[in-house]
Amino acid sequence: MINASIMTFNILNILPILVLAGFGMIVLVTDVLSSRKWVNRNILAYISLIGIIIAAVLTRSSTGTTLFSFNESFVTDNYSLFFNFIFLLCAGLTILISHNYIKREDINYGEYYALILFSTIGMMLMASGADLLNIYIGLEVMSISIYILTGFKRSKLISNEASLKYFLLGAFATGFLLYGISLTYGTTGAINLKQIASFIAEKGGMSDPLMVIGMGLLIVGLGFKVASVPFHAWVPDVYEGAPTPVTAFMSVGPKAAGFAAFLRIFLTAFGSSHLEWQKIIYILAILTMTLGNVSALSQTNIKRMLAYSSIAHAGYLLIALVSANDMGVSATLFYVLAYIFMNIGAFAIIIVLSRKGDECIQINDYAGLGFKHPLLAIAMTLFMLSMAGVPPMAGFVGKFYIFSAAIKSGYIGLAIIAVINSVISVYYYLRITVIMYMKEPAREFVPLTISPLMVAAIVISVVGTLQLGIFPSKVMEIAQRSILMMR
Amino acid sequence: MITITHYLVLSAILFTLGVIGVLIRRNAIVIFMCVELMLNAVNLSFVAFAHYLNSMQGQLFVFFTMTVAAAEAAVGLAIIVALFRNKETVNIDDMNIMKW
């Protein structure tokens, strides 16, 4: 049957994505021009930032609407717009902290910025996908760009190795995700999330075992992207080997995008049979939090420590998914936003202290930083306390909202385990602070070269961390208006 | 008479072969080929479902999967080449400079 009616083909809805794609291309072309010395290569960072700001303004301007376009495969609602804003913020901060780093490490190629923009496009597609095809394409666009970014220091063996590990395991996980999509499609006859939901509601639950297997495989595929235990094995190695700004980017962006898709798929498509998947995610959340926090205790490398800490944070976010209520969704949005500020801020400090050929990533390298560079040490302390969940920082408020969402859904045991985990995490976050202030410097700190862009990134992170911690109500209100409208 | 079950069983067998290959082979390129086998097993199930359900979406999905797999192959082989230039091996047992 040929459907002759004209599809709703609304270009305006994907305008932010098109703008980013366009600016990505401009960056690539400008890079070619700069290799002939016609333009200065330093402007590439500014071009990308302009693209991100335009996309953010366009995203802002379409709030408050719920529009389906492209044959109901793409949705523009407050939920996707909030996430898009998060991704743009993450990409913007990453570019700010990358500019000096990639010049210093001799990897100053235009592709770097273009790939960050392209992977942001993938994330935005994931958050706005209203069918499984769109979410899958978004996931792949994001992942493939980040495989390349991980191996961007292509003359360094550690970067190659991280990239290969990420690529092989990522492609492996994609296979599972795809098989899950295929089984879901085969048993429900639809790839559109709303149609899947109405099919399951009609049948009165998941009667077909193939459908349950399909859902399980979707959990595997998405669990890999958000780095939940037992699909976390790649995280520490990849985070250690990747260039530091890329580590900052991928510890936040893909995780947020993974959760955007996770919530969208499981709360809309499988929302009516939540009792089936809540048990699985419940166990995953406990394992993820505990293993992340316990493994982080014994790390001596700060990038590996933050890798395990990011696994633990994925565990906290899984609690919000288990709660499966509106409060859980808005808590996820708030927490991801808070996590961007504190995590990228911490990586910014690591980049400031590192030098060419000397990454300065052992925790003992930070001894005496409090006396030599008090401002940097204060900022680092702030980020660490926020991640540990100490009031009045953003991390505390985020955790508070997530745990209340769990209690509201009756998961009191889970909330107690999460609080215990949070207490364990204080040890390794505070250890850095203690080393910074209470140990004699083991090494000389050379005079730091800190660029204006880096200062801007750190200031934005500090302000964001404090702002969300002291005055959370305004952002929380926006997050509450962004709960899923699709149901 | 070949039914949907036959196709699904075949696709499940191919998928499992791919998974086993990824887990036991040690050459990065062979592992990557096994991943491709997994993706193609899924494609088979998509086409079978599309025929059985009489809907086009499954076939549409296969085109996108193939495109993505091609992009992934380009990136993956480039990563393997970059690694081979520095290390002169593609055996994943030798990828051990980062350890806990």
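The values are calculated or read from the model by the stated rules, or taken from the named source; none is laboratory data. Just so it is clear, the structure is predicted and the values come from calculations on it, not from any experiment. Reconstructed Cβ throughout: ideal geometry from the backbone, glycine too, with neighbour counts over all protein chains shown. Note: areas computed on protein heavy atoms with side chains; ligands, DNA, RNA excluded. Shrake-Rupley method; radii C 1.70, N 1.55, O 1.52, S 1.80 Å.
How would A:62, A:251 rank on accessible area, largest to smallest, probe 1.4 Å?
A:62, A:251
Mind checking A:153-161 for the average number of partner chain beta-carbons within 10 Å of each residue's beta-carbon?
On the way: counts 1, 7, 3, 2, 7, 3, 3, 11, 10.
Mean partner shielding for this stretch: 5.
State, as an integer percentage, the relative contact order of the stretch A:4-482 based on alpha-carbon contacts under 8 Å between residues 6 or more apart. Please report the intermediate quantities before stating the final value.
Numbers: 779 pairs, mean separation 68.1, N = 479.
Over the stretch A:4-482, the number comes to 14 percent.
Run lengths n ≥ 4 of DSSP H only: what is the helix-derived mean residue ellipticity at 222 nm for chain B, with -39500 (n - 2.57) per run over all residues, to the nearest 500? Write down the numbers at each step before the final one.
Details: 3 runs with 78 residues, N = 100.
Counting only the DSSP helices, I get -28000 deg cm²/dmol.
Grab the other residues whose beta carbon is less than 15 angstrom from that of residue A:40, score K and R as +1, D and E as -1, and report the net. Can you show the working numbers first?
Details: positive: A:36, A:37, A:41, A:103; negative: A:31.
Once positives and negatives cancel, what remains is +3.
Return the distance in nm (one decimal) between the two label points of a simple spin-label model at residue A:72 and residue A:104, each offset 7 Å from Cα along Cα→Cβ.
Between residue A:72 and residue A:104, the label points sit 5.3 nm apart.
Please list, in chain and number order, the residues 5+ apart from residue A:131 or on another chain whose amide H is under 5 Å from its amide H, with Hs placed from the backbone.
Excluding prolines and chain starts, which carry no amide H, the hits are A:193.
Normalised by the empirical 2.2 N^0.38 Å for globular proteins, what value does the Cα Rg of the stretch A:154-313 take?
Working: Rg = 17.3 Å, N = 160, 2.2 N^0.38 = 15.1 Å.
That ratio works out to 1.14.
Summarise the long-distance tail of P(r) for chain A by giving the % of C-alpha pairs beyond 32 Å. Spell out each step's value before the answer.
Values: 43428 of 118341 pairs.
The calculated P(r) of chain A puts 37 percent of pairs beyond 32 Å.
What value, in deg cm²/dmol to 500, does the helix sum -39500 (n - 2.57) over DSSP H runs of n ≥ 4 give at 222 nm once divided by the residues of chain A? Intermediate values should be presented prior to the final figure.
Numbers: 19 runs with 357 residues, N = 487.
Counting only the DSSP helices, I get -25000 deg cm²/dmol.
Compute the distance from the alpha-carbon center of the stretch A:327-390 to that of the stretch B:8-47, in whole Å.
Computed from Cα coordinates, the inter-centre distance equals 41 Å.
Would any residue of the stretch A:110-142 have its amide N under 20 Å from a label point 7 Å out along Cα→Cβ of residue A:37? List them or say none.
Residues A:110 fall inside that zone.
Need one number: nm distance between label points at residue B:20 and residue A:279, each 7 Å from Cα along Cα→Cβ, rounded to one decimal.
3.0
Rounded to two decimals, what is the ratio between the C-alpha radius of gyration of the stretch B:1-98 and 2.2 N^0.38 Å? Mind dumping the intermediate values first?
Numbers: Rg = 16.6 Å, N = 98, 2.2 N^0.38 = 12.6 Å.
Normalised Cα radius of gyration, the stretch B:1-98: 1.32.
Name the long-range amide H neighbours of residue A:362: under 5 Å, sequence gap of 5 or more, or other chain; modelled H, no Pro or chain starts.
Close amide H contacts, sequence-distant or interchain: A:302.
Any aspartates and glutamates with Cα under 13 Å of the residue A:279 Cα? List them, leaving off those in the same chain fewer than 8 positions away.
The reachable aspartates and glutamates, counting only those whose Cα sits under 13 Å from residue A:279, number zero.
Would you rank A:416, A:95, A:478 by solvent-accessible area, highest first, keeping every protein chain in place and using a 1.4 Å probe? Before the final figure, lay out the partial values.
Details: A:416 95, A:95 0, A:478 70 Å².
Ranking A:416, A:95, A:478 by accessible area, largest first, yields A:416, A:478, A:95.
Can you give me the orientation-averaged projected area of the convex hull built on the Cα atoms of the stretch A:252-365, in nm²?
Details: hull surface 30.1 nm².
The number I arrive at for the stretch A:252-365 is 7.5 nm².
If the stretch A:66-200 were replaced by its equivalent ellipsoid, with semi-axes equal to the square roots of 5 times the Cα gyration tensor eigenvalues, what would those be, largest first, whole Å?
Details: eigenvalues 215, 77, 14 Å².
Each semi-axis is √(5λ); the values are 33, 20, 8 Å.
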